[in-house]
Amino acid sequence: MDSKKLIDSIRKIPDYPKPGILFYDITTMIGNKEVFCELIQSLAERYKNREIDFIAGIESRGFIFGSALAYTLGVGFVPIRKKGKLPFTTVSEKYSLEYGFDEVEIHIDAFGDKKNARVVLIDDLIATGGTAQAGVKLIQTLGAQCVEAVFILHLCELGGKAKLQELCDVHCVLDI
Ligand code: AMP
(Lines give C-alpha, C1' and ligand atoms only; values in the text may rest on other atoms or scores of the structure.)
Protein backbone atom coordinates (compact mmCIF):
# COMPACT_ATOMS: atom_id res chain seq x y z
CA MET A 1 0.00 0.00 0.00
CA ASP A 2 1.36 3.41 -1.00
CA SER A 3 1.41 5.35 2.33
CA LYS A 4 1.50 8.77 0.73
CA LYS A 5 -1.48 8.01 -1.49
CA LEU A 6 -3.36 6.70 1.55
CA ILE A 7 -2.68 9.64 3.87
CA ASP A 8 -3.35 12.14 1.06
CA SER A 9 -6.76 10.56 0.48
CA ILE A 10 -7.85 11.23 4.10
CA ARG A 11 -9.30 14.70 4.78
CA LYS A 12 -7.98 16.46 7.87
CA ILE A 13 -10.42 18.76 9.66
CA PRO A 14 -8.95 21.05 12.35
CA ASP A 15 -10.93 21.78 15.53
CA TYR A 16 -13.57 19.06 14.95
CA PRO A 17 -15.56 18.00 16.96
CA LYS A 18 -13.97 20.44 19.42
CA PRO A 19 -11.13 22.97 19.46
CA GLY A 20 -7.66 21.43 19.43
CA ILE A 21 -8.67 18.11 17.79
CA LEU A 22 -7.47 17.33 14.26
CA PHE A 23 -10.15 15.00 12.90
CA TYR A 24 -9.16 12.38 10.30
CA ASP A 25 -12.13 12.10 7.95
CA ILE A 26 -11.94 8.75 6.15
CA THR A 27 -15.04 9.41 3.98
CA THR A 28 -12.76 10.90 1.30
CA MET A 29 -10.63 7.74 1.35
CA ILE A 30 -13.47 5.22 1.12
CA GLY A 31 -14.98 7.28 -1.69
CA ASN A 32 -11.77 6.80 -3.67
CA LYS A 33 -12.21 3.37 -5.30
CA GLU A 34 -8.52 2.94 -6.10
CA VAL A 35 -7.27 3.68 -2.56
CA PHE A 36 -10.09 1.81 -0.77
CA CYS A 37 -9.66 -1.32 -2.91
CA GLU A 38 -5.87 -1.27 -2.57
CA LEU A 39 -6.16 -0.90 1.22
CA ILE A 40 -8.60 -3.80 1.61
CA GLN A 41 -6.56 -6.01 -0.77
CA SER A 42 -3.36 -5.32 1.18
CA LEU A 43 -5.07 -6.19 4.50
CA ALA A 44 -6.56 -9.35 2.97
CA GLU A 45 -3.08 -10.32 1.78
CA ARG A 46 -1.79 -9.87 5.35
CA TYR A 47 -4.41 -12.18 6.89
CA LYS A 48 -5.25 -14.68 4.13
CA ASN A 49 -2.98 -17.48 5.43
CA ARG A 50 -3.55 -16.92 9.14
CA GLU A 51 -6.65 -19.07 9.56
CA ILE A 52 -8.85 -16.17 10.58
CA ASP A 53 -12.43 -17.13 11.52
CA PHE A 54 -13.96 -13.68 12.06
CA ILE A 55 -13.31 -9.98 11.60
CA ALA A 56 -14.71 -7.87 14.45
CA GLY A 57 -15.30 -4.18 13.68
CA ILE A 58 -15.81 -1.35 16.16
CA GLU A 59 -18.80 0.98 15.59
CA SER A 60 -19.03 2.69 13.30
CA ARG A 61 -16.11 3.19 10.98
CA GLY A 62 -14.71 -0.22 11.88
CA PHE A 63 -17.85 -1.66 10.24
CA ILE A 64 -16.87 -0.21 6.85
CA PHE A 65 -13.35 -1.61 6.78
CA GLY A 66 -14.24 -4.75 8.70
CA SER A 67 -17.08 -5.91 6.50
CA ALA A 68 -15.10 -5.27 3.31
CA LEU A 69 -12.16 -7.22 4.74
CA ALA A 70 -14.37 -10.07 6.01
CA TYR A 71 -16.02 -10.37 2.58
CA THR A 72 -12.66 -10.40 0.81
CA LEU A 73 -11.29 -13.08 3.15
CA GLY A 74 -14.53 -15.10 2.98
CA VAL A 75 -15.07 -15.04 6.77
CA GLY A 76 -17.81 -13.76 9.08
CA PHE A 77 -18.13 -10.21 10.38
CA VAL A 78 -18.95 -9.38 14.03
CA PRO A 79 -20.06 -5.89 15.10
CA ILE A 80 -18.89 -4.39 18.39
CA ARG A 81 -21.41 -1.66 19.17
CA LYS A 82 -22.02 1.19 21.57
CA LYS A 83 -24.17 0.24 24.57
CA GLY A 84 -27.86 -0.41 23.90
CA LYS A 85 -27.68 -1.03 20.13
CA LEU A 86 -27.48 -4.83 19.93
CA PRO A 87 -30.85 -6.60 20.23
CA PHE A 88 -29.84 -10.00 21.72
CA THR A 89 -28.02 -10.87 24.98
CA THR A 90 -24.70 -9.05 25.18
CA VAL A 91 -21.53 -8.84 27.20
CA SER A 92 -20.21 -5.34 27.73
CA GLU A 93 -17.03 -3.56 28.64
CA LYS A 94 -16.63 -0.05 30.03
CA TYR A 95 -13.71 2.19 29.16
CA SER A 96 -12.74 5.65 30.29
CA LEU A 97 -12.93 8.76 28.18
CA GLU A 98 -11.35 12.17 28.89
CA TYR A 99 -14.43 12.88 31.02
CA GLY A 100 -16.48 9.91 32.20
CA PHE A 101 -17.06 6.49 30.67
CA ASP A 102 -18.33 4.80 27.55
CA GLU A 103 -19.31 1.19 26.98
CA VAL A 104 -19.16 -1.24 24.07
CA GLU A 105 -20.99 -4.54 23.64
CA ILE A 106 -20.89 -7.75 21.65
CA HIS A 107 -23.52 -10.46 21.22
CA ILE A 108 -22.85 -13.34 23.60
CA ASP A 109 -23.03 -15.85 20.71
CA ALA A 110 -21.07 -13.73 18.22
CA PHE A 111 -18.57 -16.48 17.45
CA GLY A 112 -21.16 -19.25 17.36
CA ASP A 113 -19.96 -22.71 18.37
CA LYS A 114 -16.42 -22.05 17.20
CA LYS A 115 -13.97 -22.89 20.01
CA ASN A 116 -11.02 -20.48 20.39
CA ALA A 117 -12.16 -18.54 17.31
CA ARG A 118 -9.32 -16.60 15.65
CA VAL A 119 -10.42 -13.00 15.34
CA VAL A 120 -8.95 -9.83 13.84
CA LEU A 121 -10.27 -6.61 15.41
CA ILE A 122 -10.42 -3.54 13.16
CA ASP A 123 -11.11 0.17 13.54
CA ASP A 124 -10.20 3.22 11.48
CA LEU A 125 -7.98 4.88 14.07
CA ILE A 126 -6.28 4.28 17.41
CA ALA A 127 -5.84 7.32 19.63
CA THR A 128 -5.70 6.62 23.40
CA GLY A 129 -6.54 2.97 22.70
CA GLY A 130 -9.41 2.82 25.21
CA THR A 131 -12.03 1.75 22.67
CA ALA A 132 -9.80 -0.92 21.18
CA GLN A 133 -8.78 -2.32 24.58
CA ALA A 134 -12.45 -2.74 25.44
CA GLY A 135 -13.02 -4.45 22.07
CA VAL A 136 -10.17 -6.92 22.60
CA LYS A 137 -11.44 -7.70 26.12
CA LEU A 138 -14.91 -8.49 24.74
CA ILE A 139 -13.42 -10.91 22.20
CA GLN A 140 -11.37 -12.60 24.92
CA THR A 141 -14.33 -12.73 27.34
CA LEU A 142 -16.17 -14.86 24.78
CA GLY A 143 -13.26 -17.32 24.74
CA ALA A 144 -11.96 -16.21 21.35
CA GLN A 145 -8.45 -15.12 20.46
CA CYS A 146 -7.63 -11.68 19.10
CA VAL A 147 -4.93 -12.64 16.60
CA GLU A 148 -4.25 -8.98 15.82
CA ALA A 149 -5.89 -5.57 16.18
CA VAL A 150 -5.50 -3.48 13.04
CA PHE A 151 -5.97 0.25 12.45
CA ILE A 152 -5.64 2.37 9.36
CA LEU A 153 -4.32 5.33 11.37
CA HIS A 154 -2.29 5.44 14.58
CA LEU A 155 -1.90 8.74 16.43
CA CYS A 156 1.55 8.02 17.88
CA GLU A 157 1.60 10.80 20.50
CA LEU A 158 -1.23 9.28 22.55
CA GLY A 159 0.44 5.97 23.45
CA GLY A 160 -2.60 3.81 22.64
CA LYS A 161 -0.68 1.21 20.63
CA ALA A 162 1.76 0.38 23.45
CA LYS A 163 -1.11 -0.10 25.91
CA LEU A 164 -3.04 -2.31 23.51
CA GLN A 165 0.07 -4.43 22.84
CA GLU A 166 -0.21 -5.66 26.42
CA LEU A 167 -3.37 -7.49 25.26
CA CYS A 168 -2.61 -8.59 21.69
CA ASP A 169 -0.52 -7.96 18.58
CA VAL A 170 -1.23 -4.63 16.91
CA HIS A 171 -0.77 -3.53 13.29
CA CYS A 172 -1.16 0.06 12.11
CA VAL A 173 -1.12 0.87 8.40
CA LEU A 174 -0.07 4.52 9.00
CA ASP A 175 1.74 5.88 12.05
CA ILE A 176 1.25 9.63 12.25
P1 AMP B 1 -9.46 5.99 21.37
O2 AMP B 1 -10.38 5.13 22.20
O3 AMP B 1 -8.99 7.21 22.11
O4 AMP B 1 -8.30 5.19 20.80
O5 AMP B 1 -10.31 6.57 20.17
C6 AMP B 1 -10.53 5.81 19.04
C7 AMP B 1 -11.89 6.04 18.45
O8 AMP B 1 -12.22 7.43 18.37
C9 AMP B 1 -11.93 5.50 17.04
O10 AMP B 1 -13.17 4.81 16.87
C11 AMP B 1 -11.81 6.70 16.15
O12 AMP B 1 -12.66 6.57 15.05
C13 AMP B 1 -12.20 7.89 17.03
N14 AMP B 1 -11.21 9.01 16.99
C15 AMP B 1 -10.42 9.41 18.00
N16 AMP B 1 -9.65 10.45 17.65
C17 AMP B 1 -9.94 10.72 16.36
C18 AMP B 1 -9.46 11.69 15.39
N19 AMP B 1 -8.51 12.59 15.69
N20 AMP B 1 -9.98 11.66 14.14
C21 AMP B 1 -10.94 10.74 13.82
N22 AMP B 1 -11.43 9.82 14.67
C23 AMP B 1 -10.94 9.80 15.93
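With distances taken between every two different alpha-carbon atoms, region 23-176 has a Kirkwood hydrodynamic radius of 15.5 Å.
In the chain, helices alone account for a calculated mean residue ellipticity at 222 nm of -9000 deg cm²/dmol, with every DSSP H run of four or more residues adding -39,500 (n - 2.57). For a straight C-alpha distance cut-off of 19 angstrom, the aspartates and glutamates reachable from K48 (same-chain residues fewer than eight places away being disregarded) are E38, D123, E148, D169. Computed from point charges on the beta carbon alone (+1 for Lys and Arg, -1 for Asp and Glu), the dipole magnitude for region 41-165 about its Cα centre is near 160 Debye. When nucleic acids and ligands are ignored and a 1.4 Å probe is applied, H107 ends up with an accessible area of around 40 Å².
Only protein heavy atoms count here; on that basis, with a 1.4 Å probe, S3 has an accessible area of about 60 Å². Considering only Cα-Cα distances, which of the following residue pairs are longer than 32 Å: K33/K115; K18/K137; K85/K114? The pairs that break the limit, which is 32 Å between Cα atoms, are K33/K115. Here the simple spin-label model places points 7 Å from the Cα toward Cβ, and for F23 and E103 these points are separated by 2.6 nm.
Between region 12-53 and region 99-176, what is the separation of their alpha carbon centroids in Å? Distance between centres, Cα-based: 16 Å. Annotation for region 53-115: chymotrypsin sites (Phe, Trp or Tyr not before Pro) lying in DSSP loop with at most 16 further Cβ atoms inside 10 Å of their Cβ are F88, Y99. For the chain, the cysteines with no partner cysteine C-beta closer than 4.7 Å are C37, C156, C172.
Across I122, I176, the residue with the most accessible area heads the list, and the full order at a 1.4 Å probe is I176, I122.
Its alpha carbons considered, region 90-176 gives a radius of gyration followed by a Dmax of 12.9, 40 Å.
Short-range pairs are left out: with C-alpha atoms under 8 Å and at least six residues apart, the relative contact order of the chain is 16 percent. Among the GluC sites (Glu not before Pro) within region 57-140, those in coil by DSSP and having at most 11 neighbouring Cβ atoms inside 10 Å are E98.
The values are calculated or read from the model by the stated rules, or taken from the named source; none is laboratory data. None of the values given here were measured: they were computed from a predicted structure. Positions of Cβ are backbone-derived with ideal geometry, glycine not excepted, and every protein chain shown enters the neighbour counts. For accessibility, only protein heavy atoms count, side chains too; no ligands or nucleic acids. Shrake-Rupley method; radii C 1.70, N 1.55, O 1.52, S 1.80 Å.
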